[in-house]
Every structure is written in C-alpha cells, then in structure tokens.
Amino acid sequence: MNKSTSVKKSISILGAGKIGLALATLWTKAGHSVCLGSRNPEKLQATNVKNIKAAAAEGDIIVLAVPYSAVESLITEVSDELKNKIIIDATNPFDLSPEGHVISTLGSEITAGTHMATLLPNSIVVRAFTHIMEELLVSRGTKQPGLFALAIAGDDLTAKSIVSELVTDAGFVPIDIGNLAESAPLDPGGILFPHVLTPADMKLVLKKNLARQHMIETFDKHVNAELAGDLETTLATMTNSPHLHNIPTPVGGFGIAGVQAFYKNHLVGKFFPPDVEMINVARIVSDDYIVDEVVVKFTHTIMIDWMLPKVAPTGKRVEVAIAVIVKFSEGKVAHEHIYWDQANVLVQLGLLDAKNLPVTGVESARKVLDPSLLTQS
C-alpha cells in the first residue's frame, strides 16, 4: 500500500482487538501516528500502546473499537478526553434473533450512529469500519487496495471528509451513505452488513434499498389517503394507467378514469367503518412489488361497497385476513390485487351457514395472528 497523500494524522484507537489492531496496521503503513489504547497495555507488542485514558487524550481522532457491551462504561471513563474530537465509531450492537438472523440490539427505531451521538454530545461521530469483517480489513486493504468500498455516515461534512481520507489510506474506497439517522445499512442486520462489495455493487445495493423505501412510503401514503377519503392524494400515488381488482367481488377499476370512479363511487367514505383496526402480519418487498398480509377487524355498521356490494349493515363483528399485492412502476402504484375469503366474511355476518360447507368464520383470522391455535383444530 502506498503512503498516504493526506496530512499525517494523530489517531488513537481505543480497543486492541482484531479491528483495532487491523486499523493500526493499515494506518501505520500509510504514515499516520497511531496510538493503541488498552486495558492491559503491557501485554501488547506494539510501538505505541497506552492505557485507555492516556490514549484517548493523545489522539486528535479517536476510533472506538471495543466490544459493544463496553461502550458506555468506556465513554463515561474518557468523556472529557473525547470532547470536540472526531470519533470514528467502529462498534457494532450485534445480536441474533430467535430465528438466527443478525440484528441490532438497539432495535429498528434508532441507528447505532444516532445512539452513539447521544452518548457523545460534545464529539463529532462518524460511523465507519463496521460492515467488513475484521479479518478481511488487512488482507483486502493491502492486497487489493482501491478495489472494495467501505461505507461511512455522519452529520458533519468536514469530519466525513477526514474519515474518507483515512478510509482511502486503509486501502478502501469511501462511500458516503448520508447522515447518522440514515446509517442503518451499516448496522447489524443492515443491507451492507457484513459484506465486502465493490463501489459499483455497493451503490447498486443502496439504490435498490432507497427505491424500496420510497415504495413503502408511497404505499403507506396511498393507504392512509384511502382511509381518510382523500381521493386527490390517493390518485397522486398511482401511475397514469393503474388498475385495481378486488378478487372476490366484481368491484374495481381500470385506467385512471376507472380507478377514479371506483374510489369516488365505492371507497370514499365507505372504505371501512370508523372502528376499523388493521394488524400488519407480514410485508414482503421486492424491486417492484409489495405484498402485505393484514388482519382487519371492524363492526359492519356502514355499507362497504367494495367488499360487500349491496349488503346492508348488519352490526356484526368481522375479523378477516387480507392479502394485498401491489405492483409499482416508476415509483408509483401500478395495480392492486386484493384477496380475502368472502365466504369467511359472509359466515361472520350470518349470511352463510357454514354447517355443511368447508368454510370457517372468525377463527381463520385469529389463527393467522396466533398459529398455536392451529393445534386446536
């Protein structure tokens, strides 16, 4: 690896595990001044090793490379030494779900970068060196410099520029994916974790993820507008040639005029009764489709033309599982195919006798929500 073309930097790496040692190796070769901070500095065979507090005081740029369980106690110990410094957060809140999937211990509502920034309000946090396995850092950085990408995220542009130089000096191509609130791809369970990608492949993965997020936001906006009876917003989320097909009934629409007529005549003010409850069971998102499985509960107190055409309100409760298949084109809803068991609904309304028929009532939806009930069949 070539020497760094950037200004020599003073870097302290807090944590002398695999990530810390790998980064120390890469940046020392690039000509930077690197200090390792360790709880047991006497046990390490390295040129510049100090205790954690001394190392934190020495560097202008600090790398956090300790186990995530030790992060908060470490920050408490050296908070004064970290003030006004760039903090490269290379820690990972790693865990496995009961099914064995990699997840963040922080959950899905907050990113690790945002959480770190709350722990270090007087420092400048940049998230980096989190999505490539530590054992690959030195081999990929030294044997194939400039081939693979490494994503970074942060709220401060100047700090990100400095960290980008350090990523380059480590032998990788920096890819800025946004601010700390947008850094979920770098976290355990994120779309970049734990992958080694070329810059082109990383940009493609991020582009697809952004497109899928836009699809989700657009469809949620579409459904909320339907529930609110907002015809203008509903149609604005759709293409110029959409269609909508409620599979169990003859109600729907083709083309913008047909769909508009459907919404105006059958949906606005008649989508569901006021007490409707929608429980999301599952959502599958691909490059151009969203499939939602939902259990809907309501009291049949109004005409629901699209689901129960010509059926007067019965006042009875209904719980039904519904599958919605949504096709997207150019970021908008192109069609909706909506499936449910109409016989199941009619049984619950007392309009169909299930006694001698292979149909069920409310228990069907309840088994979707609680599969353990299937053992009681």
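Inside the range 330-376, can you point out the residues that are acidic (Asp, Glu) and in a loop (DSSP other than H, G, I, E, B)? So that I can check it myself, show each step before the final result.
Initial filter on the range 330-376 (acidic (Asp, Glu)): 330, 336, 341, 353, 363, 370.
Listed by number, the residues that qualify are GLU330, ASP341, ASP353, ASP370.
Taken as a whole, the structure leaves LYS327 outside the set of residues that are of a type outside the set (A, V, I, L, M, F, W, C), assigned by TED's automatic domain parsing to the domain that holds PHE271 and touching a helix residue (DSSP H, G or I) at 6+ places or on another chain (Cβ under 9 Å). Of all the residues in the range 220-250, those that are at pLDDT below 90, in contact with a strand residue (DSSP E or B) (Cβ under 9 Å, 6 or more places away or on another chain) and assigned to a loop (DSSP other than H, G, I, E, B) number 0.
Quick one: ILE88 ticks every box in (1) surrounded by 15 or more Cβ atoms within 10 Å (Cβ to Cβ); (2) of a type in the set (A, V, I, L, M); (3) more than 22 Å from THR118 (Cβ to Cβ) except a single one, so which number is it? Here ILE88 clears every test but (3). Of note, SER33 satisfies the criterion of being at pLDDT 95 or above, surrounded by fewer than 22 Cβ atoms within 10 Å (Cβ to Cβ) and closer than 29 Å to LYS143 by Cβ.
Looking at LYS355, LYS316, LYS327, just one residue is basic (Lys, Arg), without any contact (Cβ under 8 Å) to a residue 60 or more places away in the chain and closer than 20 Å to VAL291 by Cα, and that residue is LYS327.
Name the single residue, out of those in the range 221-250 being in contact with a Ser or Thr (Cβ under 7 Å, 6 or more places away or on another chain) and charged (D, E, K, R), that is surrounded by the fewest Cβ atoms within 10 Å (Cβ to Cβ).
Step one: filter the range 221-250 for residues in contact with a Ser or Thr (Cβ under 7 Å, 6 or more places away or on another chain), giving 221-222, 225-226, 237, 239.
With charged (D, E, K, R) added as a condition, the list becomes 221, 226.
Details: LYS221: 16, GLU226: 19.
Per the criteria, the residue is LYS221.
Of all residues in the range 269-304, count the ones that are surrounded by fewer than 13 Cβ atoms within 10 Å (Cβ to Cβ) and either in contact with a helix residue (DSSP H, G or I) (Cβ under 7 Å, 6 or more places away or on another chain) or not assigned by TED's automatic domain parsing to the domain that holds THR234 (or both). Give the steps one after another, and end with the answer.
We begin by selecting, within the range 269-304, every residue surrounded by fewer than 13 Cβ atoms within 10 Å (Cβ to Cβ); these are 269, 274-275, 277, 280, 282, 284, 286-287.
If we keep only those that are either in contact with a helix residue (DSSP H, G or I) (Cβ under 7 Å, 6 or more places away or on another chain) or not assigned by TED's automatic domain parsing to the domain that holds THR234 (or both) too, we end up with 287.
Within the range 269-304, residues that are surrounded by fewer than 13 Cβ atoms within 10 Å (Cβ to Cβ) and either in contact with a helix residue (DSSP H, G or I) (Cβ under 7 Å, 6 or more places away or on another chain) or not assigned by TED's automatic domain parsing to the domain that holds THR234 (or both) number 1.
Listed by first and then second residue, the pairs with beta-carbon distance under 9 Å, at least 6 apart or on different chains, first residue in the range 119-141 and in the same structural domain as ALA70 (by TED's automatic domain parsing), second in a strand (DSSP E or B) and of a type in the set (Asp, Glu), are LEU120/ASP89; VAL125/ASP89; VAL126/ASP89; ARG127/ASP89; ALA128/ASP89; PHE129/ASP89; THR130/ASP89.
The residue list ASP155, ASP187, ASP176, ASP201 contains one member that is under 19 Å from GLU109 (Cα atoms), surrounded by fewer than 20 Cβ atoms within 10 Å (Cβ to Cβ) and touching a residue at least 24 places away in the same chain (Cβ under 8 Å), which is ASP155.
Of all the residues in the range 297-309, those that are under 18 Å from VAL268 (Cβ atoms) and free of Cβ contacts under 8 Å to residues at least 60 places away in the same chain number 7.
In the range 1-30, what residues are hydrophobic (A, V, I, L, M, F, W, C) and modelled with pLDDT under 85? Working first, answer last.
To start, the set of residues in the range 1-30 that are hydrophobic (A, V, I, L, M, F, W, C) comprises 1, 7, 11, 13-14, 16, 19, 21-24, 26-27, 30.
The one that is hydrophobic (A, V, I, L, M, F, W, C) and modelled with pLDDT under 85: MET1.
Restricting to the range 310-365, give me the number of residues that are crowded, with 17+ Cβ neighbours inside 10 Å and within 27 Å of the chain's Cα centre (by Cα). Qualifying residue count, the range 310-365: 11.
The values are calculated or read from the model by the stated rules, or taken from the named source; none is laboratory data. The model shown is predicted, which means the values in this text are computed figures rather than measured ones. Don't worry about glycine lacking a Cβ; one is built from the backbone with ideal geometry, like all the others, and counts go over all protein chains shown.
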